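Participant: Right, I'll just put the structure down here and ask away after.
None of the figures in this text is laboratory data; all of them are computed from the coordinates on show. All values derive from a computational prediction rather than experimental measurement. When we count neighbours, we look across all protein chains shown, and the Cβ atoms used for this are built from the backbone with ideal geometry, even at glycine.
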Amino acid sequence: MSDDSLFRKIILEIPKATRVLDLGSGNNGQWPSGRPVRYAKILGAAGYQVTAVDRKEGVGLPWPGVEYFQTSVEEFLKTNYQPSDLVICSNILQFVDPQAIVDLPKLVATGGYLFVRTFADQVVVLETVSSIEGLELLDERAYTVHENHPPEGQHTHDVVELVFRKLQVE
């Protein structure tokens, strides 16, 4: 299985030039191989309309095709942002207020996707996002990432990826 098989599956479902929102876009974590993930950079270069949100200044920008907002997820949720066809939350939700997680569907267009990647030990995050009404779990995957960085040195993380679709609310 290639590193990005679940993510690639979503991208094949949405046409180019659709709106993509990458929350916590500075460093989306690592593929199982250890390569860094930069969804906003990849999708902006491929022709998607990408909005990147991160608290950190610049985070490697400017990236072609990417509009950047330096703010928190909680503050971004207070804006009148138009819902996106794909919202990416990779290694960010463990740093977000649980109420903000419950409010994430307002950023996803009806029929759109929510892609979540987090550490498997983030039980509160996984339970919160999985219990949001109006989201249907389409796919999930778990794997282990091997890392080597200070202060821990060599270590592993168990990672979970979830893909949801926002349902039509009647």
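Participant: How far is it, in nm, from the label point at T79 to the one at K9 when both lie 7 Å from their Cα along the line to the Cβ?
Facilitator: Here the modelled spin labels are 3.1 nm apart.
Participant: Give the shape of the range 82-170 as rounded, prolate or oblate, defined through the alpha-carbon gyration tensor: a ≥ b ≥ c are the square roots of its eigenvalues, a/c under 1.5 means rounded, and otherwise the shape is prolate if a/b is larger than b/c and oblate if not.
Facilitator: Prolate, because a/c is 1.5 or more and a/b exceeds b/c.
Participant: Sticking with this one: What is the calculated FRET efficiency for T144 to F95, with r their C-beta to C-beta distance and R₀ = 25 Å, to the nearest 0.05?
Facilitator: After rounding, the FRET efficiency stands at 0.70.
Participant: How big, on average over all directions, is the shadow cast by the Cα convex hull of the chain, in nm²?
Facilitator: For the chain, averaging the hull's shadow over all directions gives 9.7 nm².
Participant: Rounded to the nearest 0.05, what FRET efficiency do E133 and K56 give with R0 = 45 Å and r taken as the Cβ-Cβ distance? Could you check?
Facilitator: For E133 and K56, the calculated efficiency is 0.90.
Participant: In whole percent, what relative contact order does the chain give with Cα contacts below 8 Å and a gap of six or more residues?
Facilitator: Computed value for the chain: 20 percent relative contact order.
Participant: Sticking with this structure for a sec: With springs connecting C-alpha atoms under 10 Å apart, model the chain as a Gaussian network and identify which of G111, G153, G134 has the largest mean-square fluctuation.
Facilitator: G153
Participant: For the chain, what is the percent of antiparallel DSSP beta bridges, rounded to the nearest 5?
Facilitator: Looking only at bridges with both residues in the chain, the antiparallel portion is about 50 percent.
Participant: Right, another one. For Q70 and D158, compute 0.36 nm times the residue count separating them, minus their Cα-Cα distance, and round to one decimal in nm.
Facilitator: 28.8 nm
Participant: Dipole of the chain (Lys/Arg Cβ +1, Asp/Glu Cβ -1, origin at the Cα centre): which of F115, Y68, L167 lies farthest to the positive side?
Facilitator: Toward the positive end, the furthest listed residue is Y68.
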